[in-house]
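The values are calculated or read from the model by the stated rules, or taken from the named source; none is laboratory data. None of the values given here were measured: they were computed from a predicted structure. Positions of Cβ are backbone-derived with ideal geometry, glycine not excepted, and every protein chain shown enters the neighbour counts.
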Amino acid sequence: MSNHLNCLTKVPIFKSLSKEEMNEVLKIASHKKHQKGDLIFNEGDMIRQLFVVSEGTVKISKYSYEGKEQVLHLLNHGDFFGELSLFKDQETTSSAEVIKDSVICTLDSLKLRNLIEHNPEISFKILLELSKRLENTETKLKYYALSNSSEKLAKLLLDLEKNNIVIFPVNKSILASNIGITSETFSRTLKKFINNKYIETISNQKIIIKNKEALIELIY
């Protein structure tokens, strides 16, 4: 078994399958390497595969009529996308772009549907994962409900904070899009927090929170 296809055994929706059932899944799977910047699909494309991230990071996003990007999800090892192709053929409403060199496993949707008919546990687990994404979308809506960039950045830092340490999982432009502000506004607000001694930067990706109470007061 390919090491990359072996990642499918660790994906939540397939974890409960028996060895024989897993072998059936592997028969309809393949994998492909992608470089940063590659588009897996674009908004409006018709797709007939379920995609699983074996390595790297994939960004799911869509654009407004004004051309402004909104990042919907950042997917890493074990995450899947293109799940709507399992239920019906339709054009995608978002795009999928590789933002870190990746290996993507693909499964033919029609063949996977046939497997699901005999393994309803798979469809249950897919719905469970989709419910988690809905919760993630609700969290993003909370960012948009905040009135200004200071509130949005304060919430982001508090969400990412562990023991007063914040490590950005992706670059600042993607984080900015994720909370609904421009990268310029993100950098400007971050600098303001540094000047106010709310935070201290250790590196481009790592921050120490120096005044957590001040960040909390910005939100509430």
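Things to note:
- Residue within the range 187-197 that is β-branched (Val, Ile, Thr), farther than 11 Å from Ser149 by Cβ and touching a residue at least 12 places away in the same chain (Cβ under 8 Å) present: no
- Total residues in the range 28-57, condition surrounded by fewer than 18 Cβ atoms within 10 Å (Cβ to Cβ) and of a type in the set (A, V, I, L, M, F, W, C): 3
- Considering the range 157-220, the qualifying helices (runs of 4 or more DSSP H), each wholly inside and each with 1 or more residues that are touching a helix residue (DSSP H, G or I) at 6+ places or on another chain (Cβ under 6 Å) and not hydrophobic (A, V, I, L, M, F, W, C), run over 172-178, 183-195.
- Residues considered: Glu21, Glu43, Glu55, Glu91. Of these, the only one that is out of contact with any strand residue (DSSP E or B) (no Cβ under 7 Å at 6 or more places or on another chain) and farther than 21 Å from Ser131 by Cα is Glu21.
- Filter result (over 19 Å from Gly67 (Cα atoms) and more than 14 Å from the chain's Cα centre (by Cα)) within the range 92-102: Asp101
- Any hit, the range 90-112, residues being modelled with pLDDT under 80, surrounded by fewer than 16 Cβ atoms within 10 Å (Cβ to Cβ) and either among the acidic types (Asp, Glu) or part of a strand (DSSP E or B) (or both): no
- For the range 45-84, the set of residues classified as in contact with a helix residue (DSSP H, G or I) (Cβ under 6 Å, 6 or more places away or on another chain), under 19 Å from Lys15 (Cα atoms) and in a loop (DSSP other than H, G, I, E, B) consists of Gly78 only.
- The residues of the range 8-42 that are among the aromatic types (Phe, Trp, Tyr) and part of a helix (DSSP H, G or I) amount to a single one, Phe14.
- Checked against (1) modelled with pLDDT under 75; (2) under 21 Å from the mean Cα position of the chain (by Cα), Ser147 passes all but condition (2).
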